[in-house]
1. Any idea how many residues of the range 1-32 are surrounded by 21 or more Cβ atoms within 10 Å (Cβ to Cβ) and in a loop (DSSP other than H, G, I, E, B)?
2. Report, by residue number, each residue of the range 338-359 that is surrounded by 12 or more Cβ atoms within 10 Å (Cβ to Cβ), among the charged types (D, E, K, R) and assigned to a loop (DSSP other than H, G, I, E, B).
3. Just a yes or no: is a residue in the range 75-88 surrounded by fewer than 16 Cβ atoms within 10 Å (Cβ to Cβ), under 19 Å from the mean Cα position of the chain (by Cα) and either not in a strand (DSSP E or B) or not acidic (Asp, Glu) (or both)?
4. Give Arg420, Arg416 a once-over and let me know the one that is basic (Lys, Arg), open to solvent by 70 Å² or more (accessible area, probe 1.4 Å), within 30 Å of Leu297 (Cβ to Cβ) and in contact with a Leu (Cβ under 8 Å, 6 or more places away or on another chain).
5. Quick one: which of Gly406, Gly368 is open to solvent by 50 Å² or more (accessible area, probe 1.4 Å) and not acidic (Asp, Glu)?
6. Would you please name the residue that is least open to solvent (accessible area, probe 1.4 Å), looking only at residues in the range 233-245 that are in a strand (DSSP E or B) and at pLDDT 90 or above?
7. Restricting the range 171-190 to residues that are surrounded by 15 or more Cβ atoms within 10 Å (Cβ to Cβ) and charged (D, E, K, R), which is nearest to Cys38 (Cα to Cα)?
8. Residue under question is Phe387, and the condition is that it be over 30 Å from Tyr246 (Cβ atoms) and open to solvent by less than 50 Å² (accessible area, probe 1.4 Å); does it hold?
Amino acid sequence: MKKAFATLIDSTFSFLKDKPVLVAVSGGLDSTVLAHLCQETGLDFTIAHCNFKLRGSESDADAVFVSELASGFSKPVFIQAFDTEAFAAAEKISIQMAARELRYSWFEELCNRHGFEYILTAHHAQDDLETFLINLGRGTGIDGLTGIPETNRRVVRPLLNFSREQIKTYAEEQSISWREDSSNASDKYLRNHLRHHAIPALTEANANFLNGFQNTLAHLRESQDLLEDYTAFLYSKIVNQSFKGYDLSITELKKVPHTKAVLYQLLKGFGFTAWDDIYALLDAQSGKYVSSGDYRLIKDRDVLILTELKADTQQVYELDSEDSLLALPGLTLVLQKPENFEDCSPNEAIFDASLLHYPLRVRKWQEGDAFYPFGMQGKKKKLSKLFKDLKYSAVQKEAVWVVCSGDEIIWVVNVRSDDRFKVTQATTRFVKITAHYD
């Protein structure tokens with residue numbers, strides 16, 4: 001295995017040579033063997049160990065073992081203890097997810113602080129198979145069936161081509177000792193259950209199962225590359241950047257074969273899970289939407305609008321007569337007091353200063369808001385009706401701010417000012433407000 005590993009470094013991972021790398025070592029069989037192979041191959045590496053404090057004295061003994069391993073290699077070692085259970089509770093995530101987030105966040109911090117260019121982990125062929133089976137049961141797309149990537153940004157997994165049996169045989173031949181994690185014996189987690197029962201049954205039924213699985217992964221990855229190329233070709237025909245997001249043309253989507261598959265490929269990176277609801281948007285009425293944790297897809301006439309979800313705020317801001325600038329989320333208002341009347345551009349409004357009451361209040365528009373649009377000769381109009389007349393999408397409406405004097409709207413920002421506060425021939429003092437969107 002040592003020779004095969006060295007050949008793999010030369011052929012596939014030559015970029016690791018002469019570069020400082022961080023090797024994640026838990027003390028278990030796989031990561032301990034990885035550390036030995038890195039030492040035998042002459043890589044420039046430092047060891048990092050996470051003590052997740054989940055197994056009491058056993059976790060502490062793992063940390064001691066890794067420290068002694070690094071000392072035997074004359075290599076530096078970083079050891080970090082985490083209160084994993086507290087972090088999981090605070091973030092409302094599973095222990096496994098918490099450990100993963102803590103681990104990789106710390107590894108990135110070490111890389112940035114000490115100049116490590118890559119992080120090596122000891123995932124092997126069975127880990128790849130376990131991940132495939134877990135994703136298969138979740139109803140994943142082809143992405144989830146292409147396995148664990150050998151390289152993902154700065155994370156490198158040089159043992160993916162090796163089986164656990166190969167790793168264990170090498171350890172025994174080289175008299176390498178390692179730590180056994182007692183939690184690995186439990187079937188509490190799905191991954192362990194697959195490892196103890198499903199995978200042994202598959203390999204017992206077909207001794208060549210793992211090799212066949214790896215060949216299947218190679219074919220799936222080629223298919224995925226082809227699908228990515230096809231999606232990239234269609235992108236410019238379907239997607240256009242729009243106000244605060246992206247428009248996906250429903251007309252163009254329905255022209256292409258396998259519309260649902262294309263829509264999935266375009267949106268898979270935005271955290272959506274309710275795919276049947278997303279596909280239904282193609283024929284839904286305007287205003288229907290589907291949300292993920294960070295994004296929302298809205299049906300608006302003949303387009304689907306993809307927009308990032310921002311914190312919904314009902315906060316009211318104040319702009320005093322002596323202020324010159326008010327910074328809002330996504331918008332900056334600049335207040336000036338010109339000596340004379342000035343013509344206004346679309347992002348400006350000018351008012352009779354004697355009619356204003358300070359502080360001016362600035363907020364997002366709300367249902368029920370109404371004002372007297374400039375030029376409509378004293379006719380009151382609801383903002384919702386105004387936006388409908390202007391054919392505003394749901395995204396455009398959400399971005400609208402209003403400026404108020406007391407309880408009265410004086411300006412629907414960048415849309416229309418209120419006729420009651422307009423400048424007349426009798427006006428002697430002026431206030432101009434300019435809006436700058438980020």
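The values are calculated or read from the model by the stated rules, or taken from the named source; none is laboratory data. Values in this document were obtained by computation on a predicted structure and should not be read as measured data. Glycine gets a Cβ as well: all are built from the backbone with ideal geometry, and neighbour counts include every protein chain shown. Surface accessibility is based on the protein's heavy atoms, side chains included, excluding ligands, DNA and RNA. Shrake-Rupley method; radii C 1.70, N 1.55, O 1.52, S 1.80 Å.
1. 3
2. Glu342
3. no
4. Exactly one of Arg420, Arg416 is basic (Lys, Arg), open to solvent by 70 Å² or more (accessible area, probe 1.4 Å), within 30 Å of Leu297 (Cβ to Cβ) and in contact with a Leu (Cβ under 8 Å, 6 or more places away or on another chain), namely Arg416.
5. The match here is Gly368.
6. Val239
7. Among those that are surrounded by 15 or more Cβ atoms within 10 Å (Cβ to Cβ) and charged (D, E, K, R), it is Arg179.
8. Values: over 30 Å from Tyr246 (Cβ atoms): no; open to solvent by less than 50 Å² (accessible area, probe 1.4 Å): yes.
Spelling it out, it is not the case that Phe387 is over 30 Å from Tyr246 (Cβ atoms) and open to solvent by less than 50 Å² (accessible area, probe 1.4 Å).
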